[in-house]
Each structure stands twice: as structure tokens, then as C-alpha cells.
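Q: Attaching a single structure in C-alpha cells format; questions to follow.
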């Protein structure tokens, strides 16, 4: 199971806006194996979605990859043309979007939208009539798979006739139509209420094992990640500031930003009057990013060097690394002590 | 659905009744009359005429008589063109105007929609700016100017098309073109702005993520969502256009209904004024019902109640 599925190396992606170049992704490297569930966490604008959209070639105008490579399932994604992307999207990699209320086309039936995905990537070469029959049967199968009752009836319904949770299930059905190798879930539960959230996440994990796919879970909800993911990438201002296994991130966070994030989640064991600790300050202006560590202006342990120079990554284990001068200092002192 | 249509037709007939009533009384409030001209007829003739057309009776009686005939489908007899019934005038003029009007609306729709879509797809690019420049010109230039230019160039200088009448297919080219310009320009602008809105929607991103191609994404996923404003505009426009354009029919000397409409007003030909107005109202009401049904077909979220 340790075959590499996705290998992003030193990816740089910028949006060329009239106000100037916005470096949305700055030297991102992510490696994912088959069957992995990777969580990408970070606040709005940190580059979570941009990273995953880049894998699908969905980067919105005026964004462009300016450096680095993306290898996915044998494709060199960074060199692919629109035509090649079209073949790959929906077949090898699928995505579920945040808002199921607006992500389905309101004027076509559920059946039409699921079948479209199946028909687009069909290679059986059957005559049209049989193909349509086959697609319909597959659509019913998919709806049953995602736990929608009366699938035959639902096929003829329009998105506005379904609830939010149902629509997200339909989105999942569309995404799974061609049994993709990788499913990108872009905050799939943010727009749903809490009970439905749990159901949808459960469903995704269940289907992951059934189909044998990998999942990238984009979220700003650490609770979601802790339940689902094996590995977590914490992003801030277009950089991965810390990467590690779920245990490493939750029990042994190294970056000040990760620590801040963990402090801002409410715990059931907390005393009643205990206050949550927010991370003070505002996200960086991506048009004029700071020279040093992007988190430095909000960091309580900021040092002089943090403002001047971007910290390199420090490895703590095979899977755990972070970019912070504080940990560099620890390493430095440790080495001093050894000598 | 059936209940809705019945309700709409009933409401429509009420509208037509109100239009007819208002027109009847407003028309009579305007000074002048059908028998007044430079050569005033003798008192005896006038009296005879007034009796013939019930002008000596009180207005309420005249109104009752007119309405009774209207319900029977009889629009009366023209006061200016002897022996011609209003039904005849409509039956003769409407097909001519409808052919020209219908053709021009069809062409406007077929050109305006793809052009607007294309401009939206290429938003901000040079081609978009070119299209929008011509669309703005098309809206700003009145049809009589377009007609005149067409006449000078294609009839006068080049001699390609006949300048008046409506006998051969060649005769249709210039009037239809002149009538097309404004709606085409307007539809392409409407289509562009509505399309731009739709292209930014989440479901367009979903379509792309499914692997849907550019063409299918535009013409399957986006078009059906963005065409509603065009349908809204097209309904009433169609009604107004098929009853004829006074300007175009005058310039190209086409025997359409549009000319009768205007000339009946200047000559106070009461039955013709009433007839053409009620006819237009009927048409508008009918087209609006059709537009509502088309809405429902295009967008299933719309509920007809």
C-alpha cells in the first residue's frame, strides 16, 4: 500500500492580479500514498483549496503554476493540456465542493447530472441506447451506495427538491461515478448541520475502503481532521508550516501556529468558564508577504530572525516536520549539548 | 398546470376587456372625429353618417353596442376605407407584418444568443470588446437610420435588393435586416451579462471538475440557466414586432398592419383604432401565458400558481 499516488514537489502558484502577483502557493511539497487520507488545515486564504485545485487543473484565471512539479497517478499534471485534464477529471480524480446547495446545476435532474459523468468517461463503445441504460443502472447503484432512499424516484428529481445533506450525497455519488483514485473533499461539511456532517464523513470513510481510493480532506475544522485523517498538513499563507501524522500534530505540535490552532478548539473536559484562546491578529497581506516567516507578526514567540529570514524545515520523525526558527533553535542547542 | 393556464387565460381576457374599455373612452376624449376634414360634408350628410354609426346616441349606448359586437368577434367596419371591415384589415395586414416581424425576431434570437454567450466566454478580451461595441451601436442607432443606410447602399449604389414592396424573397432582406438590428444587439447584451453571472456559479465549476468539455459546459450547463432574461424580453417584443413596425413598413412600403395602426389614429378611424389595439392586447396576453409556460420548462424551480 505504499505506492505513491500524488507527489507535489516545490509547487509555486501565483495569481497575476491587476494589483500585482499574489503568491498563493509558495514552495509546497506533499507526498501521498495510495489509500492515504490526508488533511489540509488552515484558515481562509492559506492556499488549501488552491493546492487541490492545481492537482485537477482547476486553477481559476488569473492563477498559474510558476514552478515545481505535480505527479499524479503517472501524469505530469504541471505539463498537461486542457484536453488531457478533461479526460482525467472525474475519472481519476474527483472533487466534492463546500456548498451542495449551489454546486448542482438547478435546471437538470439528479439522474442527468450523475449519468453525464458516467457517459463522459465511458470507454465501452456500446451503442447509445444501451449505454444510457447502463448509465442509469449505475446511477441507481451509486445513489444506493451513498445512502439515498428510493433512488429510482430521485433520479427524476431536481436539486431543489432535495435537502442539503441529500445534495451532498448526490455530489459524492457524482464524484464516485468512475471510481476515482483520489477524492478531494473541499470542506464538504461546512455548509451542513452537525448531525449531517458526521453522517457524510462516515460515508466518505466507508466508501474509501469500498472503492480503495485516497482522500484529501480540506477543512478548517480540526475535529473533522482528527477523526478522518492519517496525515495532516497545516498551511499558513501559501506554505506548509507543519506536516505530520495525526498523533504527532495533536499531541506534539511544533509550530506556533499549530499550537495556536489547537488552543482555539473547545474541549469537553474544559472547566465551564475556561476561555478559548484565539490567535490574535489578521492573516498576512498576500500581495506584500513578509520577508521572513509569514506567521511572525502574529507569533507570541517571535524573534528577530523570524522577521528577517524564512525558517527551513526541521525534521522530527520520518513523517513529522515543521518550519519554525524556535525548533531550529532547539535542534541547535541539542547539537551544542551533544558536543 | 392546467388550472394555472385557465386562470391565466381568464385574467388575460379581463386585461383585454379593460384595455378595450379604456381605449374606447380615451379615443373619444381626443378632439376631432372621423368625418372632419378640410372639406366638411354638408349638415345633412353628417347627420346621416352620425346616425349610421350611432354617434347620436349617448356614449354608454355606443359602448354597449361595440362591446356586444366585440364579443361576437366583430370589430366593425372602417370609417375611412369604405366597405372594408376591420377584421379584413387585420386579416390582410397581420400575416405580412407577422412574417417580417417573426422572421426578424427569430434571426435576432439565433444571432444574439450565441454572440452574447461567446462574448461572455471571452470576457475582457479584444473580441468581447468588439462585439460589445457593435451591440452598443446597434442599440443606439434607430431603425429608420439603418433602413435609410441599407436603402442607399444596397438598393441605390449596389442595386442588389429592391427598395419597396414585398413580392419576392429578395424583398424581405432589407426590412428584416433593419428590424433585426436593435433586438439582436439588445439580446446579445442581455445574454452576455446573464451568462457572465452564470459562468461564475459553483455548478459550472462542478461541470468542469466532472470533465465536461468547454462547448458542452457553455451550451448545456450555462445556456439554460442564463437564457431566462432573454425569454422575458422576447415575449412582449415578439407581440409588438409581429403587429408591425410603422417605420419600417412606411419606409419599405410594405402593406402591413403597423401602417394601419398609426394611420387609423391620425385619421380618427375609431373601429380600426379599437380593432388593432384590442388585437395587440390579445396577442400580448397570449404570448405572456406562453412565456410563463416556457419559463417552467426551462427552469424547474419556477412554480406556476
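The values are calculated or read from the model by the stated rules, or taken from the named source; none is laboratory data. No experiment lies behind these values; they were computed from the predicted model shown. Backbone-built Cβ (ideal geometry, glycine too); neighbour counts: all protein chains shown.
Conditions (1) within 13 Å of chain B (Cβ to nearest Cβ); (2) surrounded by 19 or more Cβ atoms within 10 Å (Cβ to Cβ); (3) within 25 Å of residue A:208 (Cβ to Cβ), marked per residue:
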| residue | (1), (2), (3) |
| --- | --- |
| A:102 | yes, no, no |
| A:130 | no, no, no |
| A:133 | no, no, no |
| A:136 | no, no, no |
| A:143 | no, yes, yes |
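Q: Condition check: surrounded by fewer than 18 Cβ atoms within 10 Å (Cβ to Cβ) and more than 14 Å from the chain's Cα centre (by Cα). Does residue B:212 satisfy that?
A: Numbers: surrounded by fewer than 18 Cβ atoms within 10 Å (Cβ to Cβ): no; more than 14 Å from the chain's Cα centre (by Cα): yes.
No: the conditions fail for residue B:212.
Q: Kindly check whether there is at least one residue in the stretch A:48-63 that is at negative phi, without any contact (Cβ under 8 Å) to a residue 40 or more places away in the chain and in contact with a helix residue (DSSP H, G or I) (Cβ under 7 Å, 6 or more places away or on another chain).
A: Yes, the stretch A:48-63 contains at least one residue that is at negative phi, without any contact (Cβ under 8 Å) to a residue 40 or more places away in the chain and in contact with a helix residue (DSSP H, G or I) (Cβ under 7 Å, 6 or more places away or on another chain).
Q: Something else about it: How about the stretch A:260-272: which of its residues are surrounded by 18 or more Cβ atoms within 10 Å (Cβ to Cβ) and either without any contact (Cβ under 8 Å) to a residue 40 or more places away in the chain or closer than 13 Å to residue A:321 by Cα (or both)? Before the answer, list the steps.
A: So the first thing to find is which residues in the stretch A:260-272 are surrounded by 18 or more Cβ atoms within 10 Å (Cβ to Cβ), and the list is A:260-261.
Within the stretch A:260-272, A:260 is the sole residue that qualifies.
Q: Same structure, new question: Would you point out which residue out of A:306, A:302 is in a loop (DSSP other than H, G, I, E, B), in contact with a helix residue (DSSP H, G or I) (Cβ under 8 Å, 6 or more places away or on another chain) and at pLDDT below 85?
A: Exactly one residue qualifies, and that residue is A:302.
Q: For the stretch B:188-202, enumerate the residues that are within 8 Å of chain A (Cβ to nearest Cβ) and either modelled with pLDDT of 90 or more or surrounded by fewer than 17 Cβ atoms within 10 Å (Cβ to Cβ) (or both).
A: B:202
Q: Just checking: which of the helices (runs of 4 or more DSSP H) contained wholly in the stretch A:210-295 hold 2 or more residues that are touching a strand residue (DSSP E or B) at 6+ places or on another chain (Cβ under 7 Å) and more than 20 Å from residue A:7 (Cα to Cα)?
A: Of the helices (runs of 4 or more DSSP H) lying wholly inside the stretch A:210-295, those with at least 2 residues that are touching a strand residue (DSSP E or B) at 6+ places or on another chain (Cβ under 7 Å) and more than 20 Å from residue A:7 (Cα to Cα) span A:222-228, A:256-263.
Q: Going through B:111, B:107, B:127 one at a time, which residue ends up being part of a helix (DSSP H, G or I) and either modelled with pLDDT under 90 or more than 30 Å from residue B:253 (Cβ to Cβ) (or both)?
A: Just a single option satisfies the conditions, and that option is B:127.
Q: Taking the stretch B:70-80 on its own, how many of its residues are surrounded by 15 or more Cβ atoms within 10 Å (Cβ to Cβ) and without any contact (Cβ under 8 Å) to a residue 60 or more places away in the chain?
A: Total satisfying the criteria: 1.
Q: Quick check on my filter: what residues within the stretch B:144-154 are in contact (Cβ under 8 Å) with a residue 40 or more places away in the chain, over 17 Å from the mean Cα position of the chain (by Cα) and closer than 22 Å to residue B:109 by Cα?
A: Within the stretch B:144-154, just B:147 meets the criteria.
Q: Does residue B:248 meet the test of being within 11 Å of chain A (Cβ to nearest Cβ), buried (at least 19 other Cβ atoms within 10 Å of the Cβ) and touching a residue at least 40 places away in the same chain (Cβ under 8 Å)?
A: The answer is no for residue B:248.
Q: Counting only residues that are touching a helix residue (DSSP H, G or I) at 6+ places or on another chain (Cβ under 8 Å) and either in a loop (DSSP other than H, G, I, E, B) or crowded, with 22+ Cβ neighbours inside 10 Å (or both), how many does the stretch A:145-174 have?
A: 17
Q: For the stretch A:273-313, give me each residue that is buried (at least 16 other Cβ atoms within 10 Å of the Cβ), over 20 Å from residue A:24 (Cβ atoms) and in contact (Cβ under 8 Å) with a residue 24 or more places away in the chain.
A: A:299
Q: Then there is this: Filter the stretch B:1-51 for residues that are more than 22 Å from the chain's Cα centre (by Cα), in a helix (DSSP H, G or I) and closer than 24 Å to residue B:296 by Cα and give the result.
A: Across the stretch B:1-51, the qualifying residues are B:2, B:3, B:4, B:5, B:6, B:7, B:10.
Q: Here's something else I'd like to know. Of all residues in the stretch B:225-245, which are more than 15 Å from residue B:109 (Cα to Cα) and buried (at least 23 other Cβ atoms within 10 Å of the Cβ)?
A: If the condition is that a residue be more than 15 Å from residue B:109 (Cα to Cα) and buried (at least 23 other Cβ atoms within 10 Å of the Cβ), then B:243, B:244, B:245 are the ones that fit.
Q: Just checking: which of the strands (runs of 3 or more DSSP E) contained wholly in the stretch A:1-50 hold 3 or more residues that are under 18 Å from residue A:224 (Cα atoms)?
A: Where strands (runs of 3 or more DSSP E) fall fully within the stretch A:1-50 and carry at least 3 residues being under 18 Å from residue A:224 (Cα atoms), they are A:37-41.
Q: Can you work out which of the residues in the stretch B:155-176 that are over 26 Å from the mean Cα position of the chain (by Cα) and part of a helix (DSSP H, G or I) is surrounded by the most Cβ atoms within 10 Å (Cβ to Cβ)?
A: Narrowing the stretch B:155-176 to residues over 26 Å from the mean Cα position of the chain (by Cα): B:155-160.
If we keep only those that are part of a helix (DSSP H, G or I) too, we end up with B:155-157.
Values: B:155: 16, B:156: 10, B:157: 9.
So, considering only residues that are over 26 Å from the mean Cα position of the chain (by Cα) and part of a helix (DSSP H, G or I), the one surrounded by the most Cβ atoms within 10 Å (Cβ to Cβ) is B:155.
Q: For the stretch A:78-100, how many residues are touching a strand residue (DSSP E or B) at 6+ places or on another chain (Cβ under 8 Å), part of a helix (DSSP H, G or I) and either within 12 Å of chain B (Cβ to nearest Cβ) or modelled with pLDDT of 85 or more (or both)? It would help to see each step written out before you state the result.
A: Here is the first cut: in the stretch A:78-100, the ones touching a strand residue (DSSP E or B) at 6+ places or on another chain (Cβ under 8 Å) are A:78, A:84, A:88, A:92-98.
Filter again for part of a helix (DSSP H, G or I), leaving A:78, A:84, A:88.
With the extra rule that they be either within 12 Å of chain B (Cβ to nearest Cβ) or modelled with pLDDT of 85 or more (or both), the set shrinks to A:84, A:88.
Final tally of qualifying residues: 2.
Q: Only one residue in B:98, B:135, B:91 is part of a helix (DSSP H, G or I), modelled with pLDDT under 90, under 23 Å from the mean Cα position of the chain (by Cα) and more than 30 Å from residue B:62 (Cα to Cα). Which one?
A: B:98
Q: Which of the residues belonging to the stretch A:104-128 are away from chain B (no Cβ under 14 Å) and either at pLDDT 85 or above or not in a helix (DSSP H, G or I) (or both)?
A: Result: A:124, A:125, A:126, A:127.
Q: So, in the stretch A:175-203, how many residues would count as being over 13 Å from residue A:94 (Cα atoms), touching a residue at least 12 places away in the same chain (Cβ under 8 Å) and in a helix (DSSP H, G or I)?
A: Of the residues in the stretch A:175-203, 6 are over 13 Å from residue A:94 (Cα atoms), touching a residue at least 12 places away in the same chain (Cβ under 8 Å) and in a helix (DSSP H, G or I).
Q: With the requirement that a residue be surrounded by 22 or more Cβ atoms within 10 Å (Cβ to Cβ) and within 10 Å of chain A (Cβ to nearest Cβ), what does the stretch B:215-224 give you?
A: Quick first cut of the stretch B:215-224, residues surrounded by 22 or more Cβ atoms within 10 Å (Cβ to Cβ) only: B:218, B:221-222.
Hits for the stretch B:215-224 are B:221, B:222.
Q: Check residue B:229 against each of (1) without any contact (Cβ under 8 Å) to a residue 40 or more places away in the chain; (2) away from chain A (no Cβ under 14 Å); (3) not in a helix (DSSP H, G or I) and name the one condition it does not meet.
A: So the condition that residue B:229 fails would be (3).
Q: Please go through the stretch B:27-45 and give me each residue that is over 19 Å from residue B:81 (Cβ atoms) and surrounded by 11 or more Cβ atoms within 10 Å (Cβ to Cβ), ordered by number.
A: Answer for the stretch B:27-45, where residues must be over 19 Å from residue B:81 (Cβ atoms) and surrounded by 11 or more Cβ atoms within 10 Å (Cβ to Cβ): just B:28.
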